[in-house]
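The values are calculated or read from the model by the stated rules, or taken from the named source; none is laboratory data. These figures come from a predicted structure and were not determined experimentally. Ideal geometry is used to build each Cβ from the backbone, glycine not excepted, and the neighbour counts take in all protein chains shown.
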Amino acid sequence: MDANEHVRRFIRGMTQCVEQAPSEAACVERARALMADLISRDDWLPDEFAQPHPQHYQQYLLYCDPLERFSLVSFVWGPGQATPVHNHTVWGLIGMLRGAELSQPYELTGEGRPMRALECVRMEPGDIEMVSPSSGDIHRVANAHPDRVSISIHLYGANIDAVRRIAFDPEPGAERSFTSGYASPRSPNFWPHARG
Ligand code: FE2
C-alpha cells in the first residue's frame with residue numbers, strides 16, 4: 001500500500017468510527033487500533049508537516065473531520081522543546097512516530113494549591129498514550145532528545161484548534177486560557193485531495 005493510501009485508510013476508518021461507534025469508549029478503542037496501524041510505518045508524513053521551528057514546537061493540522069468530530073495533528077519538537085502544563089477537555093491519543101518524548105502527567109490538588117506531578121512516561125516510536133477528562137487530562141510534554149527532532153501524531157475527539165483549553169502554572173496552581181493554533185502550510189482536509 002502506498003503512503004498516501006495508508007493515511008486515507010486511517011481517515012476512512014476514523015470517519016466510520018465516529019459515525020458508528022456506540023459510545024465514546026468504543027470509539028477510542030477503535031481509534032487506538034487505527035493509530036497503532038498509522039504509526040507502524042514512517043514513510044507517509046510529508047516533509048512540510050515535519051519541519052521544526054527554532055523557538056517552539058509546531059502543530060501541523062493533517063486532517064479535520066468536516067463535522068469536527070476528530071482532528072489529526074503532527075507535533076514536531078525541536079531539540080529540548082516542551083509544552084506548558086495543559087489540559088485537553090476532549091479525548092486524545094498520542095502516537096510516537098519519530099524520536100522520543102516525555103509526558104509528565106499532573107493532577108489538581110485544590111484551588112490555588114500546587115499541582116501534584118505523577119509518574120513521567122517516556123514514549124518511543126510505536127507507543128500510544130491517551131489523555132481524557134475521564135482518565136487524566138493534564139500533562140506537560142517535552143522532546144526527550146536535547147539534540148534532535150522528535151515527532152508525534154495526535155488524534156483528538158474534536159477540532160482541537162477550536163477547543164478552549166487551560167495552561168497551568170503547576171506551582172501556585174495558576175491558570176490561563178488558550179487554543180492550539182495550527183501551523184499548517186495547507187488548508188485543512190489535505191488528505192482526501194492528496195497527491196497520489
Ligand atoms: Fe497534550
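How many of the residues making up region 137-164 are within 13 Å of the ligand (Cβ to nearest atom) and over 14 Å from the mean Cα position of the chain (by Cα)?
Residues that pass the stated criteria total 0.
If LEU102 meets every condition in (1) at pLDDT 95 or above; (2) in contact with a Leu (Cβ under 7 Å, 6 or more places away or on another chain); (3) not charged (D, E, K, R) apart from one, which number is that one?
(2)
Residues in region 15-35: is at least one modelled with pLDDT of 95 or more and outside any helix (DSSP H, G or I)?
Looking for residues that are modelled with pLDDT of 95 or more and outside any helix (DSSP H, G or I), one finds none in region 15-35, hence no.
Considering (1) surrounded by 21 or more Cβ atoms within 10 Å (Cβ to Cβ); (2) more than 26 Å from PRO46 (Cβ to Cβ), say which one ARG113 fails and leave the rest.
Here ARG113 clears every test but (1).
Counting only residues that are within 15 Å of GLY92 (Cβ to Cβ) and crowded, with 17+ Cβ neighbours inside 10 Å, how many does region 167-181 have?
Number of matching residues: 1.
Go through region 94-123 and give me each residue that's in a strand (DSSP E or B), more than 11 Å from the ligand (Cβ to nearest atom) and aliphatic (A, V, I, L, M).
Scanning region 94-123 gives MET96, LEU97, LEU102, ALA117, VAL121, MET123.
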